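Asks: The structure's right below; bear with me while I get my questions together.
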There are 2 protein chains.
Amino acid sequence: MIPTPPIDVTGLDPITARVENNGPTAALVCALGDDVDDPLAWLRAHREHIDAALHGYGAVLLRGLPPEMSLFEEVVTLIGGRTEIGVNIDTSTEYRPDERIPMHNEDSHAASWPRLLFFMCETPAEWGGYTPIADSRSVFQSLPQDLLERFAHGVRYTRTYRDDLGLGWREAFQTDSRAKVERYCREHGMAFSWDGPRLLTSTTRPAWRDEPRSGARVWFNQANLFHLAALGDEVREALLEAFPERYLARNAHFGNGTPIPPEDLLRVEQTYDDCALTLPWHRGDLLIIVNMLMAHGRTPYRGARRIWVATA
Amino acid sequence: MIPTPPIDVTGLDPITARVENNGPTAALVCALGDDVDDPLAWLRAHREHIDAALHGYGAVLLRGLPPEMSLFEEVVTLIGGRTEIGVNIDTSTEYRPDERIPMHNEDSHAASWPRLLFFMCETPAEWGGYTPIADSRSVFQSLPQDLLERFAHGVRYTRTYRDDLGLGWREAFQTDSRAKVERYCREHGMAFSWDGPRLLTSTTRPAWRDEPRSGARVWFNQANLFHLAALGDEVREALLEAFPERYLARNAHFGNGTPIPPEDLLRVEQTYDDCALTLPWHRGDLLIIVNMLMAHGRTPYRGARRIWVATA
């Protein structure tokens, strides 16, 4: 089902490397462990196969590394091809531990996005806290034609920044100048309007894109995160009682401005679920994904959980 | 979230044994591998902890065993406490490889059911073919109160056996005698009626039960497998065009005979999905589950897949 030719990983020791494949989504899993004294040297020696698997499947999971930040940075530099990286250690503040983070491609609602994502497990959660992945090619191919037709206009993302609740525009844009905000919006293709203390922005982006390296068409939007339906029933009802829908912090419509039916979002979520491959975190795991080929999410969890995240 | 006290597995080597826990569902995973020369001796030595984990979590996965039928039988005998076992090697004939088998507890629609299920992986599928498990206590606790109230009358399972299509009553009951069929139905609490060449049977069972050893309440029915909604859209429409609903090979209603709304089945399926823990099959894996504590299913797959199954 994965729309790629088989990847040649025959150069890798079959004891060390195997492909975990649920049909729609696959990842190369390399268990380095005690057999590999120097993980960086191993990665350099097998660089060609790792790259082939990464760009073929979209995901490579290295297991049994020493969970050291310095090693993580070196791997990011080696595979990501950059010397500057930012490592985000903090837990996401938008989602509580007992909430799932829906499947998404990083910044797919934006004008630009990271090429690669790196996750390293320093401490797995007491339970849960997995990072399921789903092949965005398979997601696109699994969605019904009539849904794709409705999404052909793309997705219109709207945000309301207000200073009295949630993220205000001063904080979000790191300025007190409305003129600077307006310039930023114009430069980034964002429509905007002022409504008293509020800033309302709107951008329209494609619902799918073609991954440049493979040419494969991928489902690549965050309608499921932005749409009203992504809020829990209780939160949504409380918010809609408190103020009109256009003042919601985030929302999504079809690109032509018409509402996205909740059933379409449900279908997208179900398709993500059907495609998702979940490989539980162990201490010392390092997951690399190609952001355009692979969506990711997070399951609910409890306990201390330290997953380092870097982008390239 | 798992409604059991923590299980004491401190007597097990932490390198060998760890608990995989997604919140609603947990399993003890023991990687025996090369360190353990004699898996049966290891099991005997750690019998107490294995039993505690099996009856606490509901599932134990042993990894790295030699995939030999004789060893499988010995493990089944040791843990299952029986000397007679039937090993089912064949792929299920009811479900094609490209279909998923919905989550269910074995024979939970029947008057009796196996206590333990054993699965051993001789050959993993080319892709997919996983056996997700879901804690039936968590499933019960996750279902909304109004749904539970609707299921308070139990589930009425209906079957139609016909000789011209699908499984006929002669084959199902292994007899040509209508009188013998009627006796069997009376002895097993099944209502029945004859309709020309057809035999229609009906049994009503609880939707949940209390697991005897722990007293825990578990979701324990096969409404999601029997209900019309379990058929794909195309198959369902084709069948309903061909003959009336009462002649469907299988169907489920609430215990009082009223229809189960498709939304309720969807909610049950989503709850199973939310609770499910999926541990991909490797050659030499042996999974043991307590049938009343843990539902199981099968994801779609391709390629040769040989998972031995035994019950006790």
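The values are calculated or read from the model by the stated rules, or taken from the named source; none is laboratory data. Predicted model, so just to flag it, every value in this text is computed and none were measured. Backbone-built Cβ (ideal geometry, glycine too); neighbour counts: all protein chains shown.
Asks: Does B:Gly284 satisfy being farther than 19 Å from B:Glu106 by Cβ and more than 10 Å from chain A (Cβ to nearest Cβ)? Spell out how you get there, then give the answer.
Replies: On the way: farther than 19 Å from B:Glu106 by Cβ: yes; more than 10 Å from chain A (Cβ to nearest Cβ): yes.
So B:Gly284 passes the test.
Asks: Going by the structure shown, is B:Tyr130 modelled with pLDDT of 95 or more, touching a Phe, Trp or Tyr at 6+ places or on another chain (Cβ under 9 Å), part of a loop (DSSP other than H, G, I, E, B) and not basic (Lys, Arg)?
Replies: Working: modelled with pLDDT of 95 or more: yes; touching a Phe, Trp or Tyr at 6+ places or on another chain (Cβ under 9 Å): yes; part of a loop (DSSP other than H, G, I, E, B): yes; not basic (Lys, Arg): yes.
It is true that B:Tyr130 is modelled with pLDDT of 95 or more, touching a Phe, Trp or Tyr at 6+ places or on another chain (Cβ under 9 Å), part of a loop (DSSP other than H, G, I, E, B) and not basic (Lys, Arg).
Asks: Quick check on the range A:187-202. Is at least one of its residues under 21 Å from the mean Cα position of the chain (by Cα) and at positive phi?
Replies: No - not one qualifying residue is present in the range A:187-202.
Asks: Can you name the number of the only condition in (1) crowded, with 19+ Cβ neighbours inside 10 Å; (2) assigned to a helix (DSSP H, G or I); (3) at pLDDT below 95 that B:Ile2 fails?
Replies: (2)
Asks: Got at least one residue in the range B:292-303 being within 23 Å of the chain's Cα centre (by Cα), surrounded by fewer than 16 Cβ atoms within 10 Å (Cβ to Cβ) and either touching a residue at least 24 places away in the same chain (Cβ under 8 Å) or within 14 Å of another protein chain (Cβ to nearest Cβ) (or both)?
Replies: Residues of the range B:292-303 within 23 Å of the chain's Cα centre (by Cα): B:292-303.
Right, trim to surrounded by fewer than 16 Cβ atoms within 10 Å (Cβ to Cβ) and you get B:302-303.
Keeping just the survivors that are either touching a residue at least 24 places away in the same chain (Cβ under 8 Å) or within 14 Å of another protein chain (Cβ to nearest Cβ) (or both) gives B:302-303.
Yes.
Asks: So B:Leu228 ticks every box in (1) within 30 Å of A:Leu277 (Cβ to Cβ); (2) touching a helix residue (DSSP H, G or I) at 6+ places or on another chain (Cβ under 7 Å); (3) of a type in the set (A, V, I, L, M, F, W, C) but one. Which box is left unticked?
Replies: Among (1) within 30 Å of A:Leu277 (Cβ to Cβ); (2) touching a helix residue (DSSP H, G or I) at 6+ places or on another chain (Cβ under 7 Å); (3) of a type in the set (A, V, I, L, M, F, W, C), B:Leu228 violates only (1).
Asks: Quick check on B:Arg186: is it of a type in the set (D, E, K, R), in contact with a Ser or Thr (Cβ under 8 Å, 6 or more places away or on another chain) and modelled with pLDDT under 95? Full working, then the answer.
Replies: On the way: of a type in the set (D, E, K, R): yes; in contact with a Ser or Thr (Cβ under 8 Å, 6 or more places away or on another chain): no; modelled with pLDDT under 95: yes.
Considered against the rule, which asks whether it is of a type in the set (D, E, K, R), in contact with a Ser or Thr (Cβ under 8 Å, 6 or more places away or on another chain) and modelled with pLDDT under 95, B:Arg186 comes out as no.
Asks: If we keep just the residues of the range B:112-171 that are within 14 Å of another protein chain (Cβ to nearest Cβ) and surrounded by fewer than 20 Cβ atoms within 10 Å (Cβ to Cβ), which is farthest from B:Glu182 (Cα to Cα)?
Replies: Checking each candidate, the answer is B:Glu126.
Asks: I'd like the residue in the range B:69-88 that is part of a loop (DSSP other than H, G, I, E, B) and surrounded by 11 or more Cβ atoms within 10 Å (Cβ to Cβ) and, out of all such residues, is modelled with the lowest pLDDT. Let's see the steps before the verdict.
Replies: First pass over the range B:69-88, keeping only residues part of a loop (DSSP other than H, G, I, E, B): B:81-86.
Still in the running and surrounded by 11 or more Cβ atoms within 10 Å (Cβ to Cβ): B:82, B:85.
Numbers: B:Arg82: 69, B:Ile85: 61.
Applying the filter and picking the extreme gives B:Ile85.
Asks: Go through (1) surrounded by fewer than 17 Cβ atoms within 10 Å (Cβ to Cβ); (2) under 30 Å from A:Arg305 (Cα atoms) and name the single condition B:Arg44 misses.
Replies: (2)
Asks: I'd like to know if the range B:112-119 contains one or more residues that are part of a loop (DSSP other than H, G, I, E, B), without any contact (Cβ under 8 Å) to a residue 60 or more places away in the chain and not β-branched (Val, Ile, Thr).
Replies: We begin by selecting, within the range B:112-119, every residue part of a loop (DSSP other than H, G, I, E, B); these are B:112-115.
Keeping just the survivors that are without any contact (Cβ under 8 Å) to a residue 60 or more places away in the chain gives B:112.
Now restrict to residues that are not β-branched (Val, Ile, Thr): B:112.
Looking through the range B:112-119, at least one residue is part of a loop (DSSP other than H, G, I, E, B), without any contact (Cβ under 8 Å) to a residue 60 or more places away in the chain and not β-branched (Val, Ile, Thr).
Asks: Let me ask you something else. Quick check on this structure: which one of B:Arg170, B:Arg159, B:Arg186 is in contact with an Asp or Glu (Cβ under 8 Å, 6 or more places away or on another chain) and not polar (S, T, N, Q)?
Replies: On the way: B:Arg159 fails: in contact with an Asp or Glu (Cβ under 8 Å, 6 or more places away or on another chain); B:Arg186 fails: in contact with an Asp or Glu (Cβ under 8 Å, 6 or more places away or on another chain).
None of the other options fit; the residue is B:Arg170.
Asks: Out of all the residues in the range B:225-238, which are surrounded by 15 or more Cβ atoms within 10 Å (Cβ to Cβ) and among the small types (Gly, Ala, Ser)?
Replies: Start the filter on the range B:225-238 by keeping residues that are surrounded by 15 or more Cβ atoms within 10 Å (Cβ to Cβ), which leaves B:225-231, B:236.
Residues satisfying the conditions are B:Ala229, B:Ala230.
Asks: Determine if the range A:212-219 includes at least one residue that is more than 13 Å from every other protein chain (Cβ to nearest Cβ), more than 19 Å from A:Ser136 (Cβ to Cβ) and basic (Lys, Arg).
Replies: no
Asks: Still on this structure: Read through the list (1) surrounded by 17 or more Cβ atoms within 10 Å (Cβ to Cβ); (2) over 26 Å from B:Ala191 (Cβ atoms); (3) more than 14 Å from chain A (Cβ to nearest Cβ), then give the number of the only condition that B:Gln222 fails.
Replies: Going through (1) surrounded by 17 or more Cβ atoms within 10 Å (Cβ to Cβ); (2) over 26 Å from B:Ala191 (Cβ atoms); (3) more than 14 Å from chain A (Cβ to nearest Cβ) one by one, B:Gln222 breaks only (2).
Asks: Return the total of residues in the range A:119-153 being within 15 Å of the chain's Cα centre (by Cα) and closer than 11 Å to A:Pro24 by Cα.
Replies: Residues that pass the stated criteria total 6.
Asks: Filter the range B:267-281 down to the residues that are more than 11 Å from chain A (Cβ to nearest Cβ) and of a type in the set (Ser, Thr, Tyr), then identify the one that is nearest to B:Val76 (Cα to Cα).
Replies: Looking at the filtered set, the residue picked out is B:Tyr272.
Asks: Further question: May I ask you to list the residues in the range A:250-263 that are crowded, with 21+ Cβ neighbours inside 10 Å and modelled with pLDDT under 95?
Replies: A:Asn251
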